[in-house]
Amino acid sequence: MQHSIRSDNPDDRRGPKRLPRAVREAVGDRERPERAVVVSVLVPDTKADLRDPLAELTALAESAGVEVVDQMVQKRTHLSPSTALGKGKLADLVERAEANEADVIIFDNDLTPRQIRSIERETSLKIIDRSELILDIFASRAKTREAQLEVELAQLQYTAPRLRGMWTHLERIAGSSGGGVGTRGPGERQIEVDRRIVNDRVAYLKRQIAEIVKRKEREVEARKDQFTVSLVGYTNSGKTTLMNKLTGAGQYAADQLFATLDTKTVRWDLGDGRVALLSDTVGFVRDIPHHLVASFTATLEETIHADLLLHVVDVSSSTAWQQMEAVETVLEELGCKDVPRITLLNKIDSSDIEDSDVELMELKLEASARISALTGDGLDKLTEEVVGRQRGVVAEVTVQLPHAAGKALSEIDRIADVRDRRYLDDCVELDLRVDRSSLAKLAGRHPELTITSGASELEDAPTDD
């Protein structure tokens with residue numbers, strides 16, 4: 001598994017010096033596929049699919065290039081504070097790991113540093129929890145500088161509380177001197193030095209990401225007069241396949257978790273001269289690390305400020321409802337709870353779905369549409385629905401301005417889609433497609449502007465200057 005804590009981008013190397021060797025070695029780097037035993041401790045409030053609790057973790061591990069050689073599940077009222085598993089189950093895990101020549105044990109739970117160290121001592125193997133596995137996959141998928149910075153920040157924020165366990169060999173050196181003033185030894189000093197380096201690196205990454213967020217906000221602001229749509233959904237729900245079908249974008253799509261990480265925005269021709277900007281974003285999973293969501297503010301900027309969200313759901317999945325809930329949880333965390341959305345019930349062409357299940361979903365959802373991103377079924381109706389949503393945001397008007405109103409004409413060219421321009425004897429007449437709030441502001445700034453048709457579009461239009 002690849003555990004890249006720092007970005008390989010050369011532009012990023014001007015920041016604080018690279019992380020200590022102890023940290024780099026602690027997360028390792030191997031070329032051959034690792035053999036893993038995957039483990040889940042099922043507690044009462046688990047969000048895992050009880051019918052196949054390790055299906056998603058196995059898929060995640062395989063996405064990270066790991067060969068899963070065995071699986072283990074234990075039901076408990078709570079995780080053991082020291083080893084997560086019970087003593088008997090832990091002994092069984094040791095035997096099964098040895099029998100399968102495993103290199104790593106991956107838990108579907110988030111583990112504490114104490115639990116990780118205890119299980120490592122018992123098994124003599126590397127222990128990875130769910131959050132670290134997800135971070136590893138994100139690190140291997142990050143291609144743009146912003147994604148690489150965001151992943152590195154999330155990795156460091158995950159690693160920082162666990163640093164002490166990485167220097168246990170140095171702490172033994174410190175303890176061997178017998179204690180007392182002046183005898184703290186190199187171990188304690190090295191821990192403090194390396195913590196300081198990590199903290200400096202985190203601060204640097206946050207500054208870099210803040211600059212990227214500002215740039216992204218300017219880009220989003222520049223597109224405020226265009227109708228923006230963002231695809232969201234559980235990973236591997238078919239978002240990228242849908243974008244390719246709607247726009248011909250030719251984005252990489254695969255039956256793989258987190259096949260898409262970096263946001264892609266393309267023009268979507270809605271017909272009759274109408275255009276929207278469609279963004280495809282990273283897919284979500286249940287129990288996604290909070291610090292990962294917080295770090296990805298730049299990548300998810302298009303989602304946060306979209307006019308409309310298309311929530312893609314794989315209705316062929318036995319955990320479709322849980323997946324929808326996981327996505328909604330992340331959207332709420334991002335502040336997108338009130339953004340208008342349409343839930344797309346995707347993969348209706350699959351033989352694994354029951355029509356009654358889909359009907360039940362439709363009854364419980366405010367706005368939904370049946371589609372198949374693979375075959376194109378339902379996409380014409382989806383486009384019609386999106387056009388209807390766009391009409392609620394975008395106004396189609398005809399305006400007149402004096403020939404001398406150069407400033408107003410220049411502003412119109414910048415903020416509106418000019419469909420036609422006619423030079424009359426006493427004025428310039430323009431057919432526009434423009435954001436309703438921008439039209440209201442334009443009319444307020446330029447009293448010489450006259451709306452000759454579509455004046456009702458100004459009614460109830462927000463004018464939040």
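The values are calculated or read from the model by the stated rules, or taken from the named source; none is laboratory data. Model, not experiment: these values are computed from the prediction. Here the Cβ is made from the backbone with ideal geometry for all residues, glycine too, and neighbour counts use every protein chain on show.
Can you give me the number of residues within region 142-176 that are at pLDDT 50 or above and part of a helix (DSSP H, G or I)? I'd like the intermediate steps shown before the answer.
Pass one, region 142-176, residues at pLDDT 50 or above: 142-166.
Checking which are part of a helix (DSSP H, G or I) leaves us with 145-166.
So the count comes out to 22.
So which pairs qualify, if the first residue must be in region 220-245 and closer than 18 Å to Ser368 by Cα, the second must be aromatic (Phe, Trp, Tyr), the Cβ gap must be under 6 Å, and the two must be at least 6 apart or on different chains?
Listed by first residue and then by second, the contacts come to Tyr234/Phe284.
Kindly indicate whether Leu432 is touching a helix residue (DSSP H, G or I) at 6+ places or on another chain (Cβ under 8 Å), more than 26 Å from Ile342 (Cα to Cα) and in a strand (DSSP E or B). Working first, answer last.
Details: touching a helix residue (DSSP H, G or I) at 6+ places or on another chain (Cβ under 8 Å): yes; more than 26 Å from Ile342 (Cα to Cα): yes; in a strand (DSSP E or B): yes.
So Leu432 passes the test.
Can you tell me which residue is farthest from Ala404 (Cα to Cα) among those in region 435-451 that are modelled with pLDDT of 90 or more and in a strand (DSSP E or B)?
The residue in question is Ile451.
If you scan region 63-87, which residues turn out to be charged (D, E, K, R) and surrounded by fewer than 16 Cβ atoms within 10 Å (Cβ to Cβ)? Steps first, please.
Looking only at region 63-87, we keep the residues that are charged (D, E, K, R), and these are 67, 70, 75-76, 87.
Hits for region 63-87 are Glu67, Lys75, Arg76, Lys87.
For Asp272, are the conditions met, namely being among the charged types (D, E, K, R) and under 18 Å from the mean Cα position of the chain (by Cα)?
No; evaluated as a whole, the condition is false for this residue.
Out of the residues in region 106-140 that are in contact with a strand residue (DSSP E or B) (Cβ under 7 Å, 6 or more places away or on another chain) and in a loop (DSSP other than H, G, I, E, B), state the one that is nearest to Phe296 (Cα to Cα).
It comes out as Asp129.
If you scan region 33-75, which residues turn out to be assigned to a loop (DSSP other than H, G, I, E, B), under 19 Å from Glu101 (Cβ atoms) and not small (Gly, Ala, Ser)? Can you show your working first?
Keep residues of region 33-75 that are assigned to a loop (DSSP other than H, G, I, E, B), which gives 33-34, 43-54, 64-66.
From what's left, under 19 Å from Glu101 (Cβ atoms): 33-34, 64-66.
Scanning region 33-75 gives Pro33, Glu34, Val66.
Taking the condition exposed (fewer than 12 other Cβ atoms within 10 Å of the Cβ) and either of a type outside the set (Val, Ile, Thr) or at pLDDT below 90 (or both), does Ala395 pass? It would help to see each step written out before you state the result.
On the way: exposed (fewer than 12 other Cβ atoms within 10 Å of the Cβ): no; either of a type outside the set (Val, Ile, Thr) or at pLDDT below 90 (or both): yes.
No; evaluated as a whole, the condition is false for this residue.
Can you go through Ala102, Ala160, Ala142 and tell me which one is among the small types (Gly, Ala, Ser), more than 29 Å from Arg196 (Cβ to Cβ) and in contact (Cβ under 8 Å) with a residue 24 or more places away in the chain? First the steps, then the outcome.
Values: Ala160 fails: more than 29 Å from Arg196 (Cβ to Cβ); Ala142 fails: more than 29 Å from Arg196 (Cβ to Cβ).
Exactly one residue qualifies, and that residue is Ala102.
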